[in-house]
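Novice: One structure, as structure tokens, below. Some questions next.
Every number in this text was worked out from the coordinates using simple rules, so none of it is lab data. Everything quoted here is computed from the prediction, not taken from an experiment. When we count neighbours, we look across all protein chains shown, and the Cβ atoms used for this are built from the backbone with ideal geometry, even at glycine.
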Amino acid sequence: MADVKALRIFLNVDLRNSHEGLSAIATKNKIDVKKLVAGEYLIFINSEKNKIKLYAANEVIAYYRCPHGKVDLRAISKIPQAFKASGKIDYDACLKEIMEAKLK
């Protein structure tokens, strides 16, 4: 099984971009989205830091909008694992894991 990891996190992205726009951003940064394999992800975050798009293998895009405030950027590193486990961006699980680790 492939490792689960974010290959790159892109900040201040206009998330009105769909597959083509996000692919263009990745290509400009020397990443070919068609070569992503299971467990590899690109994460795009808007400038307000309240929305996330995750680009996965086979041109799958998942979207998350924070209902209140901003996304805690510390939780971003856990998004690929949560996505692989549930097939969606389970931000609450990511945040819980980060907060529990901080409290230990």
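Novice: Neighbour counts of other C-beta atoms within 10 Å: give me SER77, SER23, SER18 arranged from fewest to most. Can you show the working numbers first?
Specialist: Working: SER77 15, SER23 18, SER18 10.
Ordered from fewest to most neighbouring Cβ atoms within 10 Å, SER77, SER23, SER18 come out as SER18, SER77, SER23.
Novice: With a 10 Å radius around each residue's Cβ, average the other Cβ atoms per peptide and rank 52-63, 5-16, highest first. Walk me through the numbers before you get to the answer.
Specialist: Values: 52-63: 17.0, 5-16: 14.2.
The packing order, highest mean first, is 52-63, 5-16.
Novice: Can you order the peptides 35-47, 87-99 by their average number of other Cβ atoms within 10 Å per residue, highest first?
Specialist: 35-47, 87-99
Novice: My understanding is that a pair violates if its Cα-Cα distance is over 29 Å; which of LYS30/LYS96; LYS49/LYS104; LYS51/LYS96; LYS30/LYS51; LYS78/LYS104; LYS30/LYS102 do that in this structure? All intermediate terms of the calculation are to be shown ahead of the outcome.
Specialist: Numbers: LYS30/LYS96 33 Å; LYS49/LYS104 27 Å; LYS51/LYS96 18 Å; LYS30/LYS51 24 Å; LYS78/LYS104 17 Å; LYS30/LYS102 34 Å.
In this structure, LYS30/LYS96; LYS30/LYS102 lie more than 29 Å apart at Cα.
Novice: For the chain, what does -39500 (n - 2.57) per DSSP helix run (n ≥ 4), summed and divided by total residues, give at 222 nm, in deg cm²/dmol to the nearest 500?
Specialist: Numbers: 3 runs with 31 residues, N = 104.
Taken over the chain, the calculation gives -9000 deg cm²/dmol.
Novice: Roughly what % of DSSP beta bridges within the chain run antiparallel, to the nearest 5?
Specialist: 70 percent
Novice: Any idea what the relative contact order of the chain is, in percent, if you count C-alpha pairs under 8 Å spaced at least 6 apart? Don't jump to the answer; show the numbers that get you there.
Specialist: On the way: 159 pairs, mean separation 24.9, N = 104.
Over the chain, the number comes to 24 percent.
Novice: Let me ask you something else. So what does the Cα-only Debye profile of the stretch 10-104 read at q = 0.26 Å⁻¹, as log10 I(q)/I(0), no solvent term?
Specialist: So the normalised log intensities work out to -1.44.
Novice: Points 7 angstrom from Cα along the Cβ direction at SER86 and TYR63: gap in nanometres?
Specialist: With each label point 7 Å from Cα toward Cβ, the separation is 1.8 nm.
Novice: Given the Cα-Cα distance of ALA93 and ASN17 and 0.36 nm per residue of separation, how much length would full extension add, in nm? It would help to have the intermediate numbers written out before the result.
Specialist: On the way: separation 76, 0.36 × 76 = 27.36 nm, distance 2.62 nm.
Full extension from ALA93 to ASN17 adds 24.7 nm.
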